[in-house]
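See structure below.
The values are calculated or read from the model by the stated rules, or taken from the named source; none is laboratory data. Source: prediction; values computed, not measured. Cβ placement follows ideal geometry from the backbone for every residue including glycine, while neighbour counts extend to all protein chains displayed. In case anyone asks, the SASA skips ligands and DNA or RNA and just uses the protein heavy atoms, side chains included. Shrake-Rupley method; radii C 1.70, N 1.55, O 1.52, S 1.80 Å.
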Amino acid sequence: MRVLRQLEDALEHGPFERALTLAVDASGLSLHQLQCSLADQGVQISTTTLSYWKNGRSRPERPDSLRGLAVLETVLELEPGALAGLLGPRRPRGRWLDPTVGQMWGGVSYLEPLLTWLDMPSRAPLRRLSLHEALHVGPDRINRRLQIREVLRASEQRVGRTVAMLRGIPGGSPPALTSTRYCRVGRVRSVAADAFLIAELVFDRQLAEGETTILEYEFEFADTVPDDRYDRRFMQRTSEHLQEVHFSPEALPASCQSYRMDSPTSAEDVLGEVRVDAAHPAHLAQVDVSPGIYGLSWTWA
């Protein structure tokens, strides 16, 4: 009864992600069951997209997503337009943003002002040759820290910095950039409402065209609820990518799989099942990675 009362309040006052989460909870359906019910009615929405909608990481905006939302309202036994009415106006997409950057981050309105504040060039002056990242999940199933190692090559003269962006689960606090190696932290801004952090990473010296550098840095999450996925957005082709997820031996997921998406609202392509055991991290290893979103998702036992 408490969930139903909360749902009634959320459907009246919003926000969209809270109302959707409560509606899913009230239905008793898993995201996989919802996906299957939608597919039975001719609507293809991935479990990743549904999770993003629930967590506030993206929202339905394209015509096909809005049509799918209408069917979702029926599956969740809601009045027509109950969820769609909470979306409000479409999020603006700034003129500064390369369409790929906007696509990878779902067109969030705060990204353009932050990149403009950092005076970032419209064309990336660096190419990422290698990315190795290791996510550590605690025994409470909550993301704890993220370690990143990058190898970058300058595509023009006098390149001395880059940016790192990370988002936790909306509703919590933004992650914190806690340590660096081979670089130092410059300007940092966060968007508390979206648990988003952007940080300037300043190199020890400026790079000449064609020169490479190594960066290592670490984030700590401030999430308070478990998550069931982690992914990385690639705006340009990358030669090599290794993504690890380290689970606590006492809290292993029941299953895990790798996936790819063109954008936060596009269909999810499952790349394969991923082995999970107490002795090894789940991982996704790739070479010659094309632009898109790549990640691991898991189901808790």
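Would you say ALA267 is open to solvent by 50 Å² or more (accessible area, probe 1.4 Å), small (Gly, Ala, Ser) and touching a residue at least 60 places away in the same chain (Cβ under 8 Å)? Before you say what the answer is, go through the steps one by one.
Working: open to solvent by 50 Å² or more (accessible area, probe 1.4 Å): yes; small (Gly, Ala, Ser): yes; touching a residue at least 60 places away in the same chain (Cβ under 8 Å): yes.
Yes, satisfied.
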For segment 38-56, name all the residues that are in a loop (DSSP other than H, G, I, E, B) and either in contact with a Pro (Cβ under 6 Å, 6 or more places away or on another chain) or at positive phi (or both). GLY42, GLY56
Among the residues of segment 40-83, write down those that are modelled with pLDDT of 90 or more and either of a type in the set (A, V, I, L, M) or touching a strand residue (DSSP E or B) at 6+ places or on another chain (Cβ under 6 Å) (or both). LEU69, ALA70, VAL71, LEU72, VAL75, LEU76, LEU78, ALA82, LEU83
Positions within segment 210-235 being open to solvent by less than 30 Å² (accessible area, probe 1.4 Å) and among the aliphatic types (A, V, I, L, M), in sequence order: LEU215
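Name the residues in segment 119-140 that are within 30 Å of PRO253 (Cα to Cα) and either in a strand (DSSP E or B) or in contact with a Phe, Trp or Tyr (Cβ under 8 Å, 6 or more places away or on another chain) (or both), would you?
Listed by number, the residues that qualify are SER130, LEU131, HIS132, GLU133, ALA134, LEU135, HIS136, VAL137.
State yes or no: is SER37 open to solvent by less than 60 Å² (accessible area, probe 1.4 Å) and touching a residue at least 40 places away in the same chain (Cβ under 8 Å)? Can you show your working first?
Numbers: open to solvent by less than 60 Å² (accessible area, probe 1.4 Å): yes; touching a residue at least 40 places away in the same chain (Cβ under 8 Å): no.
The answer is no for SER37.
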Looking only at segment 257-296, how many residues end up being within 11 Å of PHE234 (Cα to Cα) and hydrophobic (A, V, I, L, M, F, W, C)? 3
Segment 172-209: number of residues that are assigned to a loop (DSSP other than H, G, I, E, B), surrounded by fewer than 20 Cβ atoms within 10 Å (Cβ to Cβ) and in contact with a Ser or Thr (Cβ under 8 Å, 6 or more places away or on another chain): 2
Among the residues of segment 236-254, what is the count of those that are surrounded by 14 or more Cβ atoms within 10 Å (Cβ to Cβ) and out of contact with any Pro (no Cβ under 7 Å at 6 or more places or on another chain)? 8
Those residues of segment 244-264 which are part of a strand (DSSP E or B), over 19 Å from ALA134 (Cβ atoms) and hydroxyl-bearing (Ser, Thr, Tyr), in sequence order: SER255
